[in-house]
Amino acid sequence: MATRLKWQKSSFSGGGDGSNCLELASTPTTLHLRESDTPTTVLTTTPTTLAHLLAGIRTHAVPGPA
């Protein structure tokens, strides 16, 4: 039986019921991210992998947009 995810809106999304925000759900081993205007498209990762990506972005080891 699949566990139903509890989605939370990013605190950076602002107030109201706008549909332009990032939502996050978690399980003990995974993180799930989605854009509220396309809720059927979900990115699933682990906390460690996401931490490495964010560290790479912060240190410019991961190139940003051109």
inquiry  = List pairs: first residue in the range 44-66 and under 19 Å from LEU24 (Cβ atoms), second residue loosely packed, with under 10 Cβ neighbours inside 10 Å anywhere in the structure, Cβ distance under 7 angstrom, at least six positions apart or on different chains.
reply    = THR46/THR29
request  = May I ask you to list the residues in the range 33-66 that are acidic (Asp, Glu) and open to solvent by less than 70 Å² (accessible area, probe 1.4 Å)?
outcome  = GLU35
note = Restricted to the range 3-32 and to residues being exposed (fewer than 10 other Cβ atoms within 10 Å of the Cβ) and not in a loop (DSSP other than H, G, I, E, B), the residue modelled with the highest pLDDT is SER11
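The values are calculated or read from the model by the stated rules, or taken from the named source; none is laboratory data. For clarity, every value in this text was computed on a predicted model and none was experimentally measured. We place every Cβ from the backbone using ideal geometry, glycine too, and count neighbours over all the protein chains shown. These accessible areas exclude ligands, DNA and RNA; they are computed on the full protein's heavy atoms, side chains included. Shrake-Rupley method; radii C 1.70, N 1.55, O 1.52, S 1.80 Å.
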